[in-house]
Amino acid sequence: MTTSPIERAADTFAAELARWRVERSMSKKQLAARMGFDPSYVSHVEGRRHRPTEDFARRAEAVLGAGGAIWQRYQEYDELRHARSSASHRDPPVPEQWLPPGTGLIVEQEVATLSYREGSYRCVIRRALYNAGTEPVTRYLIRVAVDRYPHDPEKSNRHHRDHPLSFAELDLQAWCGEEPAREAMEYRKKHDRDAFKEVWLLFENSEGRFPLYPGQRTMIEYAYTVSHDKWGQWFQRAVRLPTRRLTVRLDFPNWLDAQVWGVETSLSAEEAPLRTPVGRRPEGERTIFEWTTESPPLNARYRLEWRFRGHNGPPPSGLAIAVRASDRMRAVGIVQRGADTLRQAARQFDLPHDESDARDVVDRLVGALDRVEELHTFSKGVGLAAPQIGLPWAAAVVRPADRTAEPVVLLNPRVVESSPETDEQYEGCMSFFDVRGHVSRPLVLQVEHAKWDGGRLITTFEQGMARLVAHEIDHLEGRLYVDRMTPGVPLVPVEEYREAGNPWRY
């Protein structure tokens, strides 16, 4: 005779299971096959000889489609069981909608972290998976999508067509399980497009296979890197599998002074602000932004967006000016003073034979300039030479102060004539951006440089453009502007420089 509440709850679960099995016209053997259990186990549960488990209840609810009735009976039994021993471990309850008929994998928790370091974004995704299906899982589909200009699709498409994302630069790595038993996962490409990759992560490696069997749990983690010039200032997560908990995290250095907000959308709803605010907390010299949601609906999309304000205000309290200046340049990939590459003559291109290499170097210079100009406004114009991004080639790009004018691309440049008339102005260099120096330059410069097809042309530059071009040609010859300063004249710390934001005067 049943005497305890726990035994009565177990009997009620068994009766509910048997009722729905008969309702669905299934034998115990048929139900067991659909659930992935041995038929004798189903018999033992219905016959009250075995107590139900959470995994058994999940599968029975999914296969029989009981509208939550089987799951509710299990929850009642489970509550009584754990009330007796509050110290016992129990997984969080699983609502009915997480286990629709035919459900395979369930994401019990996802933590998606995006970190900005040294001019690149590093994305790390951790997912706790549960196999609620009836077949072993041997692969898992992931997607990597980039969008440099998310609010201008045409511009973004052109950008990624000219600068496609490659698997080599992604440096995709994946693991299954937890330390110390974590296994590396191999992967197989499914789609490889300019701004979009799809990959099957395989539950196998050169040492063997490790499928995720029905009723088992595991943790997978994968990580990849995308350069700043290809990512764009947004991070979106799409809910493609039943998910219990989703956390999105951004990790930025303090000096960028990031402002973060979020939006959500779905197949049936327009874009709207996140229903709860994005949290923010300091961690040393970095700031963590975090947002979490419980039981997100399938096909929902959550996107965090941001802008960096660090270049618009004073340096953060207690930090040296280097964090605001040179360290910002270093973080976006600019080589700093003291590096050997800045004191070596650049290698000449053999054009047109080296045209592909030359175009790649110029593309990388343009990308680096885009990153730099998000951190600082260059009212005098700006230039960048290949050695400043660690490339030993004779190439530079100069953007005039007048942004309606086309940038100047210099390949294998050399000065053929300079005017005797000179002037002195303060210059800055992104390779040591904490100071400014007074430098004499010719007011007119004639420069011979190469075309893509190997032909040569001579261009005349005047005043500010002559100064910018001369500065970049110096870089290609292994010279810095301090080499041209009058001996004994000190450099001026940037915090004492009063001409920031003003063009040179002529």
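The values are calculated or read from the model by the stated rules, or taken from the named source; none is laboratory data. Everything numeric in this text was worked out from a predicted model, so none of it was measured. Positions of Cβ are generated from backbone atoms using ideal geometry, with glycine treated the same way; all protein chains shown enter the neighbour counts.
Worth a mention:
- For the residues I321, I334, the requirement of being at pLDDT 85 or above and either out of contact with any strand residue (DSSP E or B) (no Cβ under 6 Å at 6 or more places or on another chain) or within 24 Å of D370 (Cα to Cα) (or both) singles out I334.
- Here M26 clears all of (1) in a loop (DSSP other than H, G, I, E, B); (2) modelled with pLDDT of 85 or more; (3) touching a helix residue (DSSP H, G or I) at 6+ places or on another chain (Cβ under 7 Å) except the condition numbered (3).
- Considering (1) surrounded by 19 or more Cβ atoms within 10 Å (Cβ to Cβ); (2) at pLDDT 95 or above; (3) more than 30 Å from A62 (Cα to Cα), the lone condition that L246 does not fulfil carries the number (3).
- Leading residue by the ranking (surrounded by the fewest Cβ atoms within 10 Å (Cβ to Cβ)) among those in the range 205-242 that are under 21 Å from the mean Cα position of the chain (by Cα) and among the hydroxyl-bearing types (S, T, Y): T225
- So R161, is it out of contact with any Ser or Thr (no Cβ under 9 Å at 6 or more places or on another chain), outside any helix (DSSP H, G or I) and basic (K, R): no
- Members of the range 131-158 found to be modelled with pLDDT under 90 and in a strand (DSSP E or B), listed by number: N131
- Against the list (1) modelled with pLDDT of 85 or more; (2) out of contact with any Ser or Thr (no Cβ under 8 Å at 6 or more places or on another chain); (3) surrounded by fewer than 16 Cβ atoms within 10 Å (Cβ to Cβ), the condition M1 fails is (1).
- The numbered conditions (1) under 21 Å from I142 (Cα atoms); (2) crowded, with 16+ Cβ neighbours inside 10 Å are all true for F252 except (1).
- Condition broken by R126, with the remaining ones in (1) at pLDDT 95 or above; (2) in contact with a Leu (Cβ under 9 Å, 6 or more places away or on another chain) satisfied: (2)
- Boolean, D370 is farther than 20 Å from D340 by Cα and in contact with a helix residue (DSSP H, G or I) (Cβ under 8 Å, 6 or more places away or on another chain): yes
- Whichever residue in the range 382-438 is surrounded by fewer than 15 Cβ atoms within 10 Å (Cβ to Cβ) and among the aliphatic types (A, V, I, L, M) and, among such residues, is modelled with the highest pLDDT: V416
- So R240, is it basic (K, R) and part of a strand (DSSP E or B): no
Listed here are the residues, each with its yes/no results for (1) over 28 Å from D354 (Cβ atoms); (2) in contact with a Lys or Arg (Cβ under 9 Å, 6 or more places away or on another chain); (3) touching a residue at least 24 places away in the same chain (Cβ under 8 Å).
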position: A385; (1), (2), (3): no, no, yes
position: R399; (1), (2), (3): no, no, yes
position: D402; (1), (2), (3): yes, no, no
position: G428; (1), (2), (3): yes, yes, yes
position: D434; (1), (2), (3): yes, yes, yes
position: H471; (1), (2), (3): no, yes, yes
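- Those residues of the range 199-237 which are in contact with a Lys or Arg (Cβ under 8 Å, 6 or more places away or on another chain), among the hydrophobic types (A, V, I, L, M, F, W, C) and not in a loop (DSSP other than H, G, I, E, B), in sequence order: V199, W200, L201, L202, M219, I220, A223, W231, W234, F235
- Those residues of the range 29-57 which are under 25 Å from Y130 (Cβ atoms) and of a type in the set (K, R), in sequence order: R34, R51
- Where G454 falls short, out of the listed (1) within 20 Å of M329 (Cβ to Cβ); (2) outside any strand (DSSP E or B): (1)
- Whichever residue in the range 29-57 is in a helix (DSSP H, G or I) and among the hydrophobic types (A, V, I, L, M, F, W, C) and, among such residues, is nearest to L80 (Cα to Cα): A57
- Among the candidates S120, S115, residue that is under 20 Å from E221 (Cα atoms), surrounded by 14 or more Cβ atoms within 10 Å (Cβ to Cβ), touching a helix residue (DSSP H, G or I) at 6+ places or on another chain (Cβ under 8 Å) and assigned by TED's automatic domain parsing to the domain that holds R280: S120
- Criterion applied to V415, V397, V409 was being more than 38 Å from the chain's Cα centre (by Cα) and part of a strand (DSSP E or B), and the one residue passing it is V415.
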